[in-house]
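**Q** Below: one structure in structure tokens.
Bear in mind these aren't lab numbers, they're just calculated from the coordinates by the rules spelled out. Because the structure is predicted, anything quoted here is derived from the model rather than measured. Methodologically, a virtual Cβ is constructed for each residue, glycine included, from the backbone with ideal geometry; neighbour enumeration extends over all protein chains shown.
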Amino acid sequence: MLRSASALLLLLTACRPNAPVETTPAASVSDTAVLASAGDTLRRAAALLEPDAPVDDTLRIRAVGDVMLGTNFPSERYLPPNDGAEMLGGVADVLRDADLTFANLEGPLTDATGNSGKCRAGSTTCYAFRTPTRYARYLADAGIDLASLANNHAQDFGEAGRSATVRAIEPYGIRWSGRAGTFASLTAKGRRVAMIAYHVADHSNYLNDIPGAARTVARLAQDHDIVIVSFHGGAEGGAVRVPYGPELFLGENRGDLRRFAKAVVDAGADLVIGHGPHVPRGVQVYRGRLIAYSLGNFATYGRFNLDDARGYAPILDVELAPDGAFVSGRILSAKQIGDGIPVMDERGAAARLMARLSAQDFADSEATMDEDGTIRLR
Ligand SMILES: [Zn+2]
């Protein structure tokens, strides 16, 4: 009885929409509110049946950094074996084991032909990515339901390529944020959740307008229980430390990440998920909210340097209270093998590195990280 009630509860409230969903966020709110109240009733019923059973009120989120499952530009030889069918097989169970799973899609899913606008014809050193749209199902099969389309590869095949990505992932229920002004709004486990993704270019929600970002996040916080902010920023080239002030890379302002992250938390963000430097960076808890400054690469096939920490593939696992406060968290270590296939890493290299970096860079954090990746409030 309890088991079937729990199963139904899970079904009603887990909200892992791998079926087509409404594309207009507001349109699904009333339906999900009905489901949420039915879920609350069942939750209370389950607690009555077994009074000592803890009521699971936390929202579990798992998040990874850059995902690029293979590209047929400039050549089909940058596509993974078996057309990508096993690409995420070694980590899918871990990614799926959450109420919401986030990834940064580092490149468009499009079946457009022709050249990338950013590369000269015939260039082999220009990095533009084009993942076939049929690969969208691999993301969904691995449980990914929140995607950032705000990064320096989102427009490798123009805004049309980013729109093609949206058309490829939406039928699988993957919610996204990327273009300036866009955010995802959904209900998970009875909570209203917003996710907004920032990048250091104004074709996306613009990271370098910190007051503007704070205003937007404050608005989202008014009608959502939990606001997740993703950002793609920071210097590339193996920079694992988080500097103070604006970070420059190849003459470009890649963001004042400490100031950005704290400003969005001050404005109401509950979880900040960074990526962009291709390596992991430290984490901190600030005003009770977790900020992960970079989750690095995760599944980046064929065209990426995976030496050293660039091959680490940390999975952030975090539980948030109903109001979004950090409850518990840890880094699960994975690594990329071969040309960029993620597998779990029993040696825990990503967690160990991130524990060291968190201590080095965030002495004022409200939490510490153990060598095994466990994040503990002080
Ligand atoms: Zn990038």
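**Q** How about the stretch 270-358: which chymotrypsin sites (Phe, Trp or Tyr not before Pro) there are in a DSSP loop, with at most 16 other Cβ atoms within 10 Å of their Cβ? Numbers along the way, then the final one.
**A** Working: sites: Y286, Y293, F298, Y301, F304, Y312, F326; in loops: Y293, Y301, F304.
Within the stretch 270-358, no chymotrypsin sites (Phe, Trp or Tyr not before Pro) qualify (loop, at most 16 other Cβ atoms within 10 Å).
**Q** Rounded to the nearest 5, what is the percent of antiparallel bridges among the DSSP beta bridges in the stretch 120-209? Present the calculation step by step, with values, prior to reporting the outcome.
**A** Values: 6 of 11 bridges.
Antiparallel: roughly 55 percent of the beta bridges in the stretch 120-209.
**Q** While we're on this one: How many percent of DSSP beta bridges within the stretch 167-315 run antiparallel, rounded to 5? All intermediate terms of the calculation are to be shown ahead of the outcome.
**A** Working: 13 of 30 bridges.
Bridges in the stretch 167-315 are about 45 percent antiparallel.
**Q** Rounded to the nearest 0.05, what FRET efficiency is calculated for A321 and D266 with R0 set to 25 Å and r the Cβ-Cβ distance? Please list the in-between numbers first.
**A** Values: r = 18 Å, r/R0 = 0.74.
So the FRET efficiency works out to roughly 0.85.
**Q** To the nearest 0.05, how large is the calculated FRET efficiency for C126 and D372 if R₀ is 41 Å and r is the Cβ-Cβ distance? Could you put the intermediate results ahead of the total?
**A** Numbers: r = 41 Å, r/R0 = 0.99.
Here the calculated transfer efficiency is 0.50.
**Q** Divide the volume of the convex hull of the Cα atoms of the chain by its number of residues and quote the answer in cubic angstrom per residue.
**A** Values: hull volume 49.9 nm³, N = 378.
It is 132 Å³ per residue.
**Q** In debye, nearest 20, what is the charge dipole magnitude of the stretch 59-377 about its Cα centre with +1 on Lys and Arg Cβ and -1 on Asp and Glu Cβ, if you could check? Spell out each step's value before the answer.
**A** Working: 34 positive and 38 negative charges, 88 e Å.
Dipole magnitude for the stretch 59-377 comes out near 420 debye.
**Q** Let me ask another. If you count the DSSP beta bridges with both ends in the chain, what percent of them are antiparallel, to the nearest 5?
**A** On the way: 34 of 66 bridges.
Here the share of antiparallel DSSP bridges comes out near 50 percent.
**Q** So, R0 is 35 Å and r is the distance between the beta-carbons of D364 and T113; what FRET efficiency does that work out to, to 0.05?
**A** Numbers: r = 51 Å, r/R0 = 1.47.
Calculated value: 0.10.
**Q** Turning to a different aspect of this structure: Among A154, A168, A239, whose mean-square fluctuation peaks in a Gaussian network model of the chain (Cα, cutoff 10 Å)?
**A** A239
**Q** Okay, moving on. Give the angle, between 0 and 90 degrees and rounded to the nearest 10, that separates the Cα long axis of helix 257-267 from the longest principal axis of the Cα atoms of the chain.
**A** Orientation of helix 257-267: about 30 degrees from the principal axis.
**Q** With the crude spin-label approximation of a point 7 Å out along Cα→Cβ, what separation in nm comes out for D57 versus R137?
**A** 4.1 nm
**Q** Using a basic spin-label model with each label point 7 Å from the Cα along Cα→Cβ, how many nm lie between D83 and R347?
**A** 3.6 nm
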